Amino acid sequence: MSDLLAPTDEDAIAAAIRRAGTAREPLAVGGNGTKSAMLRPVQAARSLSTGNLTGITLYSPKELIISARAGTPLSEIEATLNEQGQHVIAEPPDPGGPQTIGGVVATNLSGPRRVAWGAMRDHLLGLRAVNGHGQVIHSGGRVLKNVTGLDLCKLLAGSHGTLAVITEVTLKVLPAPEAVGTLVLPGLDAADGVSSLSAALGSPYSVSAAAWLPADATDRIPMLSAFHGPVALVRIEEFAPSVAYRMRKLRDELGGRGEILDDAASRSVWHAIRDREPLVPMTDEAVWRVSVRPSAGAQVLRSVGDACGARGYLDWGGGLVSLAGPATAAAHEAVQMAARDAGGSWMLMQGSETLRVAVDVIPPEPEPLARITQRVKAAFDPHGILNPGRLYASL
Amino acid sequence: MPRPAGEIILTNMINQPEPKAEILARRDTIVAAFRGMLPPEAVIAEPIRLRPYETDGLSAYRQPPLAVVLPETTEQVAAVMRYCHAEGIRVVPRGAGTSLSGGALPMADAVVVGLMKMNRILDIDYADRCATVQAGVTNIGITDAVQGRGFFYAPDPSSQLACMIGGNVNMNSGGAHCLKYGVTANNLLGLKIVTAEGDVLNIGGRHLDAAGYDWLGLLTGSEGQLAVITEVTVRILRSPEGARAMLAAFRSNEIAGACVDSIISSGIIPVALEFMDRPAIHACEDFAHAGYPLDAEAMLIIEVEGSSEEQDALLARIRAICEQHDPISMKVSQSAEESLAIWKGRKGAFGAIGRISPDYLCMDGVIPTSRLPEVLRRIGEMGDVYGLKVANIFHAGDGNLHPLIMFDANDPESFRKAEQFGADILKLCVEMGGCLTGEHGVGVEKRDLMPVQFKAEELEQQRRIKTAFDPDWLLNPNKVFPLAASSERSARTH
Ligand SMILES: Cc1cc2nc3c(=O)[nH]c(=O)nc-3n(C[C@H](O)[C@H](O)[C@H](O)COP(=O)(O)OP(=O)(O)OC[C@H]3O[C@@H](n4cnc5c(N)ncnc54)[C@H](O)[C@@H]3O)c2cc1C
């Protein structure tokens, strides 16, 4: 059991990091730990949590911005935005647990809307963080456009706490849509499904999400179980008359068939997809997230399935393949190969500790880039105390 | 070559790091080495032919480089970079040279690596909605290549006929439609880069959110200081069914600002929401004859997209909101031609100001939108103090201000005042909770203002990242960071 530090202010975070640096003692950095099953396990005697660094520090609906300390639960932010009819644009998945906004940013995990509206990193306007020297640094700010200096917001988003500990973030937010509609195209296999999703995303109707689910997943989602087979799903989020109009146009252009789900059904279906409900891994199974060009998604699904029996579904028009299968090195190898063949990227989201320490949980970098990575890591965290080994065994 | 007197004086005003004497002394050897690795026409060394490269869109600053090379392939760029790395030669990457912050300004001992010959579209993938192009393809060139199929590349800087995608990536350029579609960073998938050490690397690809550090995000907006970019994969989007613009004229900047707030609060995000003040309205109307309201203190251009019924519905809602703010007049475009005319005035704004005052500085600060009226009032007051005219054009939805300060380049005192006035405006932006630059970059123009926005440790953190990519500080080293510190840094490594 590791020793847990959970300070309530930024100064104390900085002090803890300085102490750890002096002692050369690694820290397992996190929020509320809802994503600690991802990637490689961190070997550290102490944990440093931002979970007690809470509170919304600024919300200006008219300026489309919200700032909050890193430990603020995402649910609190969503509830506050909801009161003003706004939302978090990237629609981050809910891992089931009190995830913090800092954790969502540090892992850059986005939901279905990502394909049209961008990832968490795209809406991160500013942040404060403590680097491995124990210095507080800020980047970006509270305005919607900013190119002043290097963009550390992008670099720290998705860096999984390995470069600096994020203490506060500012996000761009948008008005939540008045209405939601979903076109369901039943009976398409993955390849045909992706062709339809491509046509929809390449239409002029501003599709906000596009996914394909296999038969077993459809059965599991109440609003879809009546379709008894695989489905392709296309979402529109707009003012109500536009949703009605665009749904009709899309149905006409995609072959004149398909069923339209109403607002409530649409919201529940896309929550399920966002939260990976189509995939029900057994406790000892591994889960992967593979990102490829959309037209390669169906092939990835097939080849990984053939190789190791893993099951999965497609989001982001085919570009995001979520997979569950045996937590073995062979299955992981099949995932890696499929992702590599498609020129894409993979991430091990869950798996046994044995697997997580043994394999490349994300793609290794070519040597000249890995050298730059080492130097950038050292530029933030010279003593290597922040989440050592989380991304790469040697970092 | 004879030059206007003012220019010579101005040239001396920009401080450059001390050129490396040993590099200057070896110029002929260096040029001969480039001739050995590149096609003959790709190496420029004659002083007269270096002239076009001595400045960029911030033409008050000039400095001819040691030489210019115009490679045609990534391998040629890599050969040049390996040689420069081995020999300790500074490199200034260059696209079209339209930077408004002096980002592409050469140094006397630097070789300019111009990407303009790398101007091929390599691949268009409609199924995956992306295009891979060489860095020297113009911004408009991408849209031109895909619009036959109804697609477009979203970021649309006003300079889009000339500026190149490699420059856009390095400046993270925006445009009038970025309120809906985002800036360059939000529209990229992959890059091919050559590092300062001459290694060729692929970053990202055709997929979203590659795992690992977000190099794509870090390289975007890095102002030619981290790597030379030779290929870019961008997202392309299907054009909406249609778009239409309207104009609304108001009695004061305050009222127009309040109207912007009301539109955003209503849940409508127009694709574009542009603000012009009285001097800008007059200058643009004289130039474009777009039917701008000359009796107004402030004007908004608001554009919506969708089918014609959807446009009607949105414009009706926006009109109703404008009505609550006592407008002087409103005009909804009735046709594609009228919308084009409305935009012609805005997109030609720099040309229009150029007709009133041949010399102007275009500033690029950002403020929280709620502070707009206050900031415009203070800019007006400062203009009175400096005795200089200023016109304001503003991406109202996102708070990106473009004050155009008019001055007389033949009068060094006038230029000095304009620079000072510009710096004061940017300091005001930071004081209001904003930042120094929203889309034009820091370059040489704003490097000495960086401490206004960043603490010493923060600048040092950014410098360490540059060092990680470019250990010898050879890539565009005289930009972005306050000069004293970067000179010290480059000196330390050699
Ligand atoms: C009339 C006018 C209107 C403008 N309007 C806008 C606008 O609306 N929005 C906006 O954002 N900007 C605008 N700009 C500014 C300018 O056009 C942009 O910054 C543009 O992206 C620069 O592109 P470029 O090809 O000219 O790059 P350059 O000016 O040649 O270079 C810009 C910077 O990028 C670096 N660079 C260029 N290419 C590469 C490469 N391949 N690899 C590495 N580094 C490279 C250079 O070293 C330099 O630091 C405008 C400029 C003008 C003159």
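How much net charge surrounds residue B:128 when only the other residues with a Cβ under 14 Å from the Cβ of residue B:128 are counted, with Lys and Arg +1 and Asp and Glu -1?
Numbers: positive: A:293, B:129, B:149, B:206, B:235, B:238; negative: B:123, B:125.
Counting the neighbours of residue B:128, the net charge comes to +4.
For q = 0.06, 0.10, 0.13 Å⁻¹, what log10 I(q)/I(0) does chain A give under the Debye formula with an equal point scatterer on each alpha carbon and no solvent?
-0.24, -0.67, -1.11
How about the stretch B:109-138: which trypsin sites (Lys or Arg not before Pro) there lie in a loop by DSSP and see at most 15 other Cβ atoms within 10 Å? Let's see the in-between values first.
Working: sites: B:117, B:120, B:129; in loops: B:117, B:120, B:129.
Answer by residue number: B:120.
How high is the relative contact order of the stretch A:90-154, in percent, counting Cα pairs under 8 Å that sit 6 or more residues apart?
Numbers: 77 pairs, mean separation 17.0, N = 65.
Here the relative contact order equals 26 percent.
Report the Cα centroid-to-centroid distance between the stretch B:154-221 and the stretch B:242-284 in angstrom, as an integer.
29
Find out how many positive minus negative residues lie around residue A:160, taking Lys and Arg as positive, Asp and Glu as negative, among other residues whose Cβ is under 11 Å from that of residue A:160.
Numbers: positive: A:35, A:40, A:390; negative: none.
Around residue A:160, the surrounding residues sum to +3.
Per the Kirkwood definition applied to all pairs of different Cα atoms, how many angstroms is the hydrodynamic radius of the stretch A:285-358? Numbers along the way, then the final one.
Values: mean 1/r = 0.0861 Å⁻¹.
Taking the inverse mean of 1/r over all distinct Cα pairs, the stretch A:285-358 comes out at 11.6 Å.
How are the Cα pair distances of the stretch A:218-307 distributed, in percent, across 5 Å bins from 0?
Histogram of Cα-Cα distances, whole percents per bin: 2, 10, 17, 20, 21, 17, 8, 4, 2, 0.
What does the average come to when, for each residue of peptide B:335-342, you count the partner chain Cβ atoms lying within 10 Å of its Cβ? Write out the running numbers ahead of the final one.
Values: counts 0, 0, 0, 0, 0, 0, 0, 0.
For peptide B:335-342, the averaged partner shielding equals 0.
From the residues B:169, B:290, B:225, which one has its Cα farthest along the dipole of chain B in the positive direction, the dipole being from +1 and -1 charges on Cβ of Lys/Arg and Asp/Glu about the Cα centre?
With unit charges placed on the Cβ atoms, the residue in question is B:225.
Could you work out the relative contact order of chain B, using alpha carbon pairs under 8 angstrom and six or more residues apart, expressed as a whole percent?
Rounded, it is 15 percent for chain B.
What is the log10 of I(q)/I(0) for the stretch A:1-138, computed with the Debye formula using one identical point scatterer on each Cα and no solvent, at q = 0.10, 0.15, 0.19 Å⁻¹?
-0.35, -0.77, -1.17
Is there a simple number for the mean count of other chain Cβ atoms within 10 Å of the Cβ of residues in A:365-374, and what is it?
Numbers: counts 5, 4, 1, 6, 9, 1, 4, 14, 4, 1.
Counting Cβ atoms of other protein chains within 10 Å of each residue's Cβ and averaging gives 5.
Output the relative contact order of chain A, whole-number percent, from Cα pairs under 8 angstrom with separation of 6+ residues. Mind dumping the intermediate values first?
Numbers: 915 pairs, mean separation 71.1, N = 395.
Dividing the mean separation by the residue count of chain A yields 18 percent.
May I ask for the Rg/Rh ratio of the protein assembly as shown, computed from Cα atoms with Rh as the Kirkwood radius, given to two decimals?
Values: Rg = 26.8 Å, Rh = 28.1 Å.
So for the protein assembly as shown, dividing Rg by the Kirkwood Rh gives 0.96.
How many Å³ per residue does the convex hull of the Cα positions in chain B occupy? Don't jump to the answer; show the numbers that get you there.
Details: hull volume 72.1 nm³, N = 494.
About 146 Å³ per residue, rounded to a whole number.
Among B:406, B:281, A:225, whose Cα lies farthest out toward the positive end of the dipole of the protein assembly as shown, if unit charges sit on the beta carbon of Lys, Arg (+1) and Asp, Glu (-1)?
B:406
More than 17 Å apart: what percent of Cα pairs in the stretch B:384-494 qualify?
Numbers: 3756 of 6105 pairs.
The proportion of pairs with Cα distances above 17 Å equals 62 percent.
Could you tell me which residue out of B:130, B:143, B:92 lies farthest along the dipole of the stretch B:90-152 toward its positive end? Charges go on the beta carbon: Lys and Arg +1, Asp and Glu -1, centred on the Cα centre.
Comparing the listed Cα positions along the dipole, B:92 ranks first.
Using Cα atoms only, what is the angle between the long axis of helix B:278-288 and the major principal axis of chain B, expressed in degrees (0 to 90) to the nearest 10?
80
When the helices in the protein assembly as shown are scored as -39500 (n - 2.57) per DSSP H run of 4 or longer and the sum is shared across all residues, what 222 nm value do you end up with, to the nearest 500 deg cm²/dmol?
-10500 deg cm²/dmol, from helical runs alone.
I want to verify the translational diffusion coefficient of the stretch B:121-238 in µm²/s; compute it with Stokes-Einstein, Rh as the Kirkwood radius over Cα pairs, at 25 °C and 0.890 mPa s. Intermediate values should be presented prior to the final figure.
Working: Rh = 14.0 Å.
Roughly 175 µm²/s, to the nearest whole number.
Counting Lys +1, Arg +1, Asp -1, Glu -1, what net charge surrounds residue B:250 among other residues with beta carbon under 9 Å of its beta carbon?
Working: positive: B:251; negative: B:254, B:297, B:326.
For residues surrounding residue B:250, the net value is -2.
Explain nothing, just the number: dipole magnitude of the protein assembly as shown about its Cα centre with +1 on each Lys and Arg Cβ and -1 on each Asp and Glu Cβ, in debye rounded to the nearest 20.
1240
Pairs to check: B:389/B:479; B:427/B:455; B:192/B:479; A:377/B:20. Give those whose C-alpha atoms are more than 19 Å from each other in this structure.
Values: B:389/B:479 28 Å; B:427/B:455 15 Å; B:192/B:479 23 Å; A:377/B:20 31 Å.
Exceeds cut-off: B:389/B:479; B:192/B:479; A:377/B:20.
Give me the inter-chain shielding for B:355-368: mean count of other chain Cβ atoms within 10 Å, whole number please.
Details: counts 0, 0, 0, 0, 0, 0, 0, 0, 0, 3, 2, 8, 1, 9.
If you average over the peptide's residues, the count of other-chain Cβ atoms is 2.
Read-outs: derived from the displayed coordinates by stated rules, not from any lab. A quick note: this is a predicted structure, and the numbers were derived from the prediction, not measured. A quick note on method: Cβ atoms are made from the backbone with ideal geometry, for glycine too, and the neighbour counts reach across all protein chains shown.
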